[in-house]
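What follows is a short report on a single structure.
The values are calculated or read from the model by the stated rules, or taken from the named source; none is laboratory data. Keep in mind it's a predicted model, so treat the numbers as computed, not measured. Here the Cβ is made from the backbone with ideal geometry for all residues, glycine too, and neighbour counts use every protein chain on show. All accessible areas refer to the heavy atoms of the entire protein, side chains included, with ligands and DNA or RNA removed. Shrake-Rupley method; radii C 1.70, N 1.55, O 1.52, S 1.80 Å.
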Amino acid sequence: MFFLQAPQVESFEIWSPMPDRFRRAERSDWADANRGGAVADSFLEGPVFDRSGNLYVTDIPWGRVFRIGPDREWSLMAEYDGEPNGMKFLDDGRLLITDYKNGLMELDIASGAVTPYLARRNSERFKGVNDLIFDAQGNLYFTDQGQSGLHDPSGRLYRLRPDGQLDCLLDNVPSPNGVALSPDGKVLYLAVTRGNCVWRVPLMADGSVSKVSQFFTSYGPSGPDGLAVDSEGNLLVCNPGLGYVWLLNHRAEPMTVWRSPKGMSTTNLAFGGEDRRSVFCTESVSGTILTARAPHAGTTLFQR
């Protein structure tokens, strides 16, 4: 009889909590709908690094984007009428934001101005976009989650091509969330939060998808959220509700489990540090950035 090797269990370290001066102990429309009416002084998401080692994160309920320097000092980059979630760089001076309220938004880092990038499709609003990633050809993949789930498996995965063509690749997902690409760009991994799993989405040469399968199955009160891939093709999976980040090999076998020392809401992550082997994870409810060392560096993140 064959037994899988038990994964190595490690603990994240606390890297930087949000300073008290930025916390808002007030009710918000977002928290009323998504946190059961609880007061959310912040809800961090969307971590991404620039070339200088600054970490950018979003704060969903208060429409804010922060920059955290290598010295762990926080500064407010933008505040606007929105609910920003995932972020990736369009170029060195602009961030692209998946905004649940407004669609795709663009942040000019120098001025702090936030403007629409793609608010609607054929005059129809999105359900509520969540996360995004670029491939090497400049195609943008992003998820449209809204309030979809097992009761309403109508979440969508889109591809926006550099020429502006928007393709709906999937429209039957029960809560599509984080996205990540294999090192060769031929497979997209899709977090399916309310299905408590990660789908494997082969990207075909003709632009279609085929033989989409369930790659990893989790458990507990919530499901996979943010994703990342390392240079060896291993998949990192944030799992809020458990307070875990899974490191999975190509067979979806857990090799390492990082556990949060503060809160269970491990929502998203990014590779950083000089060798890009440090993992930085948002613990959203407590407003804390966690960190751990990974065995391999993260894959390259592309821009448009």
query = Can you give the net charge of the other residues whose Cβ lies under 13 Å from the Cβ of Gly112, counting K and R as +1 and D and E as -1?
reply = 0
note = Relative contact order in percent for the chain (Cα pairs under 8 Å, 6+ apart) equals 16
ask   = Cβ under 13 Å from Arg293's Cβ, Arg293 left aside: what net charge do those residues give with Lys, Arg +1 and Asp, Glu -1?
value = -3
inquiry  = No solvent, one uniform scatterer per C-alpha: report log10 I(q)/I(0) for the chain via the Debye equation at q = 0.09, 0.10, 0.12 1/Å, two decimals.
reply    = -0.39, -0.48, -0.71
request  = Name the aspartates and glutamates eligible as straight-distance cross-link partners of Lys127: C-alpha to C-alpha under 15 Å, and not fewer than 8 places from it in the same chain.
outcome  = Glu83, Asp99, Asp144, Asp152, Asp171
ask   = Taking all protein chains as present, what is the carbon and sulfur share of the accessible area of the chain, in % to the nearest whole number, probe 1.4 Å?
value = 47
task = Go ahead and estimate [θ] at 222 nm for the chain from helices alone: -39,500 (n - 2.57) per DSSP H run with n ≥ 4, summed, over the residue count, rounded to 500.
result = -500 deg cm²/dmol
ask   = Can you give the accessible area of Thr193, probe radius 1.4 Å, in Å² rounded to 10?
value = 10
query = Under a 1.4 Å probe, what is the accessible area of region 8-293 per residue, stated in Å²?
reply = 41
message = Give the aspartates and glutamates whose C-alpha is closer than 17 Å to that of Lys262, dropping any in the same chain fewer than 8 places away, or say none.
response = Glu10, Glu13, Asp20, Asp41, Glu45, Glu283
request  = Pull up the cross-link candidates among the aspartates and glutamates for Lys186, meaning alpha carbon to alpha carbon under 16 Å and not fewer than 8 places away within one chain.
outcome  = Asp135, Asp206, Asp230, Glu232
query = For all pairs of alpha-carbon atoms in region 1-117, what percent lies in each bin of width 5 Å, listed from the first bin to the last filled one?
reply = 2, 11, 20, 21, 17, 12, 7, 4, 3, 2, 1, 0, 0
ask   = Dipole of the chain, Cα-centred, from +1 at each Lys and Arg C-beta and -1 at each Asp and Glu C-beta, to the nearest 20 debye?
value = 420
ask   = Considering region 190-304, what Rg and Dmax in Å follow from its alpha-carbon atoms?
value = 14.2, 45
request  = Of the options Thr300, Tyr117, Asn196, report the single residue whose Cα projects farthest towards the positive end of the charge dipole of the chain (beta-carbon charges: Lys, Arg +1; Asp, Glu -1).
outcome  = Asn196
